[in-house]
Amino acid sequence: IYAGRVKAILTITHPRPRHFSEADMNILTTIASQAAVAIENARLYSSIVQERRKMEGILQNITDGVYTVDREMRITSFNSAAERMTGWRAEEVLGRPCADFFFCQDEEEKGFCASELCPARQVLNSEKKLLMVEGDRFLLTRDRRRVPVAVVMAPLFNEKGEVTGAVCAFWDVSGRQEVERLKGEFISLISH
């Protein structure tokens, strides 16, 4: 019995009736209790592994770039969409400072990732629940292409509620910017 629920039944028999003494029964009860704990731990571990695989599958298949950093701004995870968008492979970036790979800039080409204006640094330092940055931000890819992006950052907490890192999701907004540009041209043409 574990947490008031029967986890398994342990049966021990002997050909002679009443062979087991009170001490034997206490030892067997202890063994059964330990077995119940081991069974529950195995079930919990299996559940955690399954949940982790599910989360990894979601992160790897989502179309937004997603990465995480620790308190020192080192990249701790990097999904396949982030690889496609930046041109960097996960093996190249894991454990390295995010400023080495993310060259976020505004239209005046001011770099943010190595400064206090970095969205991840802002989330880590202020412990904001969510920070969204859109417009005037560009991701400079490995091959030096400028890609307009929107960014959402959120802190990661440990079991004590302390901020241990941040998660970042980013996506290409060039299509939306092109639609806005065409819409502006259309309105301009109609108004003349």
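Annotations
- Surface calculation, 1.4 Å probe, protein heavy atoms: V167 sits at approximately 40 Å² accessible.
- For segment 3-82, the set of chymotrypsin sites (Phe, Trp or Tyr not before Pro) satisfying both a DSSP loop assignment and a count of at most 16 other C-beta atoms within 10 Å is given as F20.
- Dipole magnitude of segment 49-102, debye to nearest 20 (Cβ charges: Lys/Arg +1, Asp/Glu -1, about Cα centre): 120
- Close amide H partners of W88, meaning residues 5 or more places away or on another chain with modelled amide H under 5 Å apart, are R142.
- In this label model, K160 and L94 are separated by 2.7 nm, measuring between points 7 Å along each Cα→Cβ vector.
- The trypsin sites (Lys or Arg not before Pro) of segment 1-109 that meet both conditions, a loop assignment by DSSP and at most 10 other Cβ atoms within 10 Å of the site Cβ, are R18.
- Contour excess over end-to-end distance, with Cα ends at D70 and M25 and 0.36 nm allotted per residue: 11.1 nm
- Applying Stokes-Einstein at 25 °C and 0.890 mPa s to the Kirkwood radius of segment 29-108, computed over alpha-carbon pairs, gives a translational diffusion coefficient of 160 µm² s⁻¹.
- Furthest towards positive pole of dipole, I58, V69, V37, structure part segment 1-70, Cβ charges: V37
- Förster radius 45 Å - calculated FRET efficiency between N125 and S33 (Cβ-Cβ, nearest 0.05): 0.40
- Taking all protein chains into account, the per residue accessible area for segment 1-101 stands at 72 Å² (1.4 Å probe).
- Extended-chain gain in nm, criterion 0.36 nm per residue less alpha-carbon gap, M132 and R144: 1.9 nm
- Note, ³J(HN,Hα) from phi for segment 79-96, Karplus 6.51, -1.76, 1.60, rounded to Hz, x at Gly and Pro: 7, 5, 5, 5, 4, 4, 6, 9, x, 9, 8, 4, 4, 7, 9, 4, x, 9
The values are calculated or read from the model by the stated rules, or taken from the named source; none is laboratory data. Small disclaimer: the values here were computed from a predicted structure and weren't measured. Neighbour counts run over all protein chains shown; Cβ positions are idealised from the backbone, glycine included. These area figures cover heavy atoms from the full protein model, side chains too; ligands, DNA and RNA do not enter into them. Shrake-Rupley method; radii C 1.70, N 1.55, O 1.52, S 1.80 Å.
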